[in-house]
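First up is the structure itself, then whatever we jot down about it.
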Amino acid sequence: MGVVAGPLFASAFSAIGARTTGYDWRRHAVSSLANGRLGWMQRSNFVVTGVLYVAAASGLATCQRRIVGSRAIPALVGAAGLGLVGSGVFVTDPVGGFPPAPSEDQASDAAPSATPPLTRTGMLHNVCALPIFLGIPVAGLIGAAAFARSREYFWAGYSAGSSFGMIGGFVLFGAAFRYSAHTAGVFQRLSIVAGFGWLSALSLRALTSLRRGC
């Protein structure tokens, strides 16, 4: 489950974004796809991916500690899965100009309004993102420390690099929205690829070990 969850998630939101009028993957957040006419597709994508990661977490929990790195990692992966499910249930507020306001294409004498306050649903969506964009990097760093103690230096380096890559991409994503939204979507996608790619690799490692009976 965990091997395919990330690639399926990325493939789905890329396809949905390509079909969504006015959506620019380079500047708009993945979560923004949950709004609009095709929003149900991205909401379903969040929920399905979350369920796959919850299932993956149960599989990782059955593996030996030396394979997954730490018993805390399956719990963090499960929390990320629940966060994805929550992200599908609680839709984000419009951000970065998508979806456009109904009056955006109409002339108006009023001055541009400030960014509207978050709705309760939007706040809950942001809360659900925490176990994803913070929980996965923490899992990677825990794994890096455990793999280093086991002298599995490739996995230690890969886990640490993926964690810092996900954190760095997320920080740049937030900064891009504040200063120049034109590249925000790029940075978010780099963050997702770094973290979800590591989860796929770890899940493949666990699956291979289970098949070998290790």
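Here, each number is a calculation from the coordinates, and none is a lab measurement. If you're wondering where the values come from, they're calculated on a predicted model, not measured in any experiment. Here Cβ is always computed from backbone atoms with ideal geometry, including for glycine, and neighbour counts include all displayed protein chains.
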Region 1-110: trypsin sites (Lys or Arg not before Pro) in DSSP coil with no more than 10 other Cβ atoms inside 10 Å: R37
Packing-based order for 149-161, 195-207, using average beta carbon neighbours within 10 Å, highest first: 195-207, 149-161
Counted charge near A129, where neighbours are those whose Cβ lies closer than 15 Å (Asp, Glu -1; Lys, Arg +1): +1
The chain, Rg to Rh (Cα coordinates; Rh as Kirkwood inverse mean 1/r): 1.03
